[in-house]
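Structure first, commentary second.
The values are calculated or read from the model by the stated rules, or taken from the named source; none is laboratory data. Predicted model only: the values in this text are computed from it and were never measured. Here Cβ is always computed from backbone atoms with ideal geometry, including for glycine, and neighbour counts include all displayed protein chains.
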Amino acid sequence: MAAYRVIPLDEELAWTVRGSLWAPQHRHPAYVDIADAPGPCRVCLRPFRMGVERRILFTYDPFRRHHSFPLPSPVQIHEDACGVYKGQGVPAGLAGLPMTLDGYGAGRELIAEERPTSFAELEPAIARIFVRPSVVYIHVRDTDSGFFVCELVRAEAMGLAS
């Protein structure tokens, strides 16, 4: 399998949202409430403690790094500071989240889609998508809501050793 890196939401963007309560890409207002679903937070990629932690929901365009035509998605982050996820692979804390993996090529062309039915099937599904040389990146989405969770990129695309 090709090595990959998980790209969570940018910490600077998260601090901008926390400070302004506006979605910086689209100037939509952000909404703050107590988490009533596990999430996860798009910065630290940890599930929310429902009924305990406060979250900020806002509009974010995960394709902005790759394409100028917008295709936004709702996302959520912790209201308070949290550490940016820097681990290897998709965090085990997401094991209960039903995930859809969308593999994209140049020009945002959808090349492959996988819906692993368990966390144990996640890595093999990622490998099947990245084995296709035309796939540039994978978006991980919550299957139930369709919301963007994080991006996966090949390690060599990030200048990292495989």
Taking the conditions exactly as written (modelled with pLDDT under 95, over 24 Å from residue 69 (Cβ atoms) and of a type outside the set (D, E, K, R)), does residue 146 satisfy them or not?
no
Just checking, how many residues over region 90-113 are out of contact with any Asp or Glu (no Cβ under 7 Å at 6 or more places or on another chain) and in a loop (DSSP other than H, G, I, E, B)?
6
Residues of region 95-110 being hydrophobic (A, V, I, L, M, F, W, C) and surrounded by fewer than 16 Cβ atoms within 10 Å (Cβ to Cβ), in sequence order, are 95, 106, 110
Checking the structure you have, find out if any residue of region 145-156 is small (Gly, Ala, Ser), assigned to a loop (DSSP other than H, G, I, E, B) and at positive phi.
yes
Condition (residue is of a type in the set (Phe, Trp, Tyr) and within 17 Å of the chain's Cα centre (by Cα)) applied to region 62-82: is it met by at least one residue?
yes
Within region 37-60, restricting to residues that are of a type in the set (D, E, K, R) and under 14 Å from the mean Cα position of the chain (by Cα), the one that is surrounded by the fewest Cβ atoms within 10 Å (Cβ to Cβ) is 46
Number of positions in region 6-28 that are more than 15 Å from residue 41 (Cα to Cα) and either touching a helix residue (DSSP H, G or I) at 6+ places or on another chain (Cβ under 6 Å) or in a loop (DSSP other than H, G, I, E, B) (or both)
7
Test for residue 130: is it modelled with pLDDT of 95 or more, over 15 Å from the mean Cα position of the chain (by Cα) and crowded, with 18+ Cβ neighbours inside 10 Å
yes
Positions within region 98-111 being among the hydrophobic types (A, V, I, L, M, F, W, C) and over 28 Å from residue 37 (Cα atoms), in sequence order
106, 110, 111
Select from region 39-60 the residues that are part of a loop (DSSP other than H, G, I, E, B) and either free of Cβ contacts under 8 Å to residues at least 60 places away in the same chain or of a type in the set (Phe, Trp, Tyr) (or both) and list them in ascending order.
39, 41, 43, 44, 46, 47, 48, 49, 50, 51, 52, 53
Test: residue 63 is surrounded by 17 or more Cβ atoms within 10 Å (Cβ to Cβ) and in a loop (DSSP other than H, G, I, E, B):
yes
